[in-house]
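The values are calculated or read from the model by the stated rules, or taken from the named source; none is laboratory data. In this text the structure is predicted, and so the values were computed from the model without any measurement. With ideal geometry, Cβ positions are generated from the backbone for all residues, glycine too; neighbour counts draw on all protein chains shown. Accessible surface is based on the protein model in full, side chains and every heavy atom, while ligands, DNA and RNA are left aside. Shrake-Rupley method; radii C 1.70, N 1.55, O 1.52, S 1.80 Å.
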Amino acid sequence: MRHRNRKPKGKRLVVGLVLTAIFIMFITCVAKLPTINVLLQEILSPGQSASTEYGWNLILVNDDYKVPKDWDIELTELSNGQSVDSRIYPDLQQMFDDMRAQGVYPVVASGYRTAEKQQELMDEKIDELKEQGYSNSEAKTEARRWVSVVGYSEHQTGLAVDINADGVNSTGNQVYKWLEKNAWQYGFILRYPSDKEDVTGTAYEPWHYRYVGKNAAEEIYHQGICLEEYITELE
């Protein structure tokens, strides 16, 4: 008689458990694709870390300099659920109080962002551009003019805020005009002016303001320069 080779039940059980574990890991990874994308961005974009040589408030984060891995941040949550670096909150609150007292009603549409949120915004912008007829490569290139790559966004520092109108008592233009004229008095600068796109590498964003401190903001405003140019002057 011939004896059939049979795998011991114990081995079959082990194989089954291993395959089950692999399947669960696969499902978990798929569910966390944004996180995987973020990790890939970190690996593929090992750019130079931004320096705090001139102080935390003057850290320069852009397409060339990314948020340092050791960037330490304490957040204060706003009434609408957005958060900002706790160090800028008092001046931000004072600015908003003064705006409302003058009949202008702003809201922080976007404050601090996690890496995952930044990646989500990038993916959404790419999809939006592709729907408009851009090719995949064209959409990725164009998207970077509007949304920063993970790790290279000021929003990840907690020092940048997108400020819009409340949509009821004020219009966007009213808010933008007030900010353009007065934000520097509270330590905030228009981060991406229309006449500095070749320097910042970012399209004009009348809603995006960055905290740099009152002294630096005053100098930047009166000289009509952007943060990149100001930092160059300090070097």
(message) Explain nothing, just compute: Karplus ³J(HN,Hα) = 6.51 cos²θ - 1.76 cosθ + 1.60, θ = phi - 60°, for every residue of the range 230-235 in order, whole Hz, x for Gly and Pro.
(response) 5, 5, 4, 5, 6, 6
(request) Would you grab the residues whose amide H sits under 5 Å from the one on K66? Only those 5+ places off in sequence or on another chain, please, with H modelled 1.01 Å from N. (result) Q48, S49, A50
(request) Provide the per-residue ³J(HN,Hα) series for the range 160-170, in order, calculated from phi with Karplus coefficients 6.51, -1.76, 1.60 and θ = phi - 60°, each as a whole number of Hz, with x at glycine and proline positions. (result) 10, 9, 9, 10, 10, 7, 6, x, 10, 9, 9
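So for each of 107-117, 225-235 I average, over its residues, the number of other beta carbons within 10 Å; can you give me the resulting order with the highest mean first? Walk me through the numbers on the way to the answer.
Values: 107-117: 18.2, 225-235: 15.5.
Averaged packing, sorted descending, gives the order 107-117, 225-235.
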(request) Would you mind computing, in nm to one decimal, how far apart the modelled labels at S137 and D70 are, each placed 7 Å from Cα along Cα→Cβ? (result) 4.0
(message) What figure, in Å² to the nearest 10, do you get for the accessible area of S194 with a 1.4 Å probe and non-protein molecules left out?
(response) 80
(message) Ordering I126, I59 by accessible area with a probe of 1.4 Å, largest first, what comes out?
(response) I126, I59
(request) Could you state how much accessible area H208 has, in square angstrom rounded to the nearest 10, with a 1.4 Å probe and all protein chains kept in place? (result) 10
(request) Indicate the gyration tensor shape class of the range 142-235 (rounded, prolate or oblate), computed on the Cα atoms with a ≥ b ≥ c the square roots of the eigenvalues: a/c under 1.5 is rounded; otherwise a/b larger than b/c is prolate and the rest oblate. (result) oblate
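Provide the per residue accessible area, probe 1.4 Å, for the range 146-235, rounded to a whole number of square angstrom.
Details: 3770 Å² over 90 residues.
Per residue, the range 146-235 has 42 Å² of solvent-accessible surface.
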(request) Would you give the gap between the C-alpha center of the range 179-205 and the C-alpha center of the range 80-114, rounded to a whole Å? (result) 17
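Expressed as a whole percentage, what fraction of the accessible surface of the range 112-235 belongs to carbon and sulfur atoms when a 1.4 Å probe is rolled over the protein heavy atoms?
Details: 2570 of 5910 Å².
Ligands and nucleic acids excluded, carbon and sulfur reach 44 percent.
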(request) Consider a paramagnetic label point 7 Å from the Cα of D198 along Cα→Cβ; state which residues of the range 213-235 have an amide N under 20 Å from it. (result) 223-233
(message) Rolling a 1.4 Å sphere over the protein heavy atoms, what is the accessible area per residue of the range 47-124, to the nearest Å²?
(response) 53
(request) Mind ranking S51, S170 by accessible surface for me, highest first, 1.4 Å probe? (result) S51, S170
